[in-house]
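Read through the structure below, which is laid out as structure tokens, and then see the notes.
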Amino acid sequence: MLPRDKLIQCFTCKNNLACWGLNEDIPLGVNERDFSIPTKALTFLISKNMDEECSIGDQFGMFCIAFLKTLRHDDTATRRDVYQLVSVLAALANTPNDGWECPGEDPENKERFVYEVM
């Protein structure tokens, strides 16, 4: 399904909060207005990972990982979170990429949700 159609489906699904992990109770992370990734670290990230040709989705995904790892309380970035950020941007740009799976349909996600209308 196209990202835009899938995002519309997500917004109308009864399971959307659980599926996106928004109902998980996690400690507060870092305030993004008060913290930054050092410029040298960003330069290293780019030089280390951008030598080969990557899609814009892969490139943005790398930045999402760095962003999430910097701000989260546990210094982690889950596949689900990164994939969702990239997919939301694809939906907003109305791309023809039909590879987005909702978290409940993702074969690597342990939790399974089925689309149910609110």
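Restricting the stretch 37-68 to residues that are over 19 Å from residue 82 (Cα atoms) and among the polar types (S, T, N, Q), the residue that is modelled with the highest pLDDT is 39. The single condition among (1) under 22 Å from residue 12 (Cβ atoms); (2) in contact (Cβ under 8 Å) with a residue 12 or more places away in the chain that residue 112 does not satisfy is (2).
Taking the criterion of being among the hydrophobic types (A, V, I, L, M, F, W, C), loosely packed, with under 10 Cβ neighbours inside 10 Å, touching a helix residue (DSSP H, G or I) at 6+ places or on another chain (Cβ under 9 Å) and in a loop (DSSP other than H, G, I, E, B), would at least one residue in the stretch 30-45 satisfy it? No, the stretch 30-45 has no match at all. Within the stretch 17-49, which residues are within 28 Å of residue 98 (Cβ to Cβ) and touching a residue at least 12 places away in the same chain (Cβ under 8 Å)? Residues satisfying the conditions are 18, 19, 20, 21, 49. Residue count for the stretch 68-79 satisfying the condition of being surrounded by fewer than 17 Cβ atoms within 10 Å (Cβ to Cβ) and part of a helix (DSSP H, G or I): 3. Working carefully through the options 27, 3, find the one that is surrounded by 15 or more Cβ atoms within 10 Å (Cβ to Cβ) and either closer than 20 Å to residue 109 by Cα or not charged (D, E, K, R) (or both). None of the others qualify; the one that does is 3.
The values are calculated or read from the model by the stated rules, or taken from the named source; none is laboratory data. All values derive from a computational prediction rather than experimental measurement. Here the Cβ is made from the backbone with ideal geometry for all residues, glycine too, and neighbour counts use every protein chain on show.
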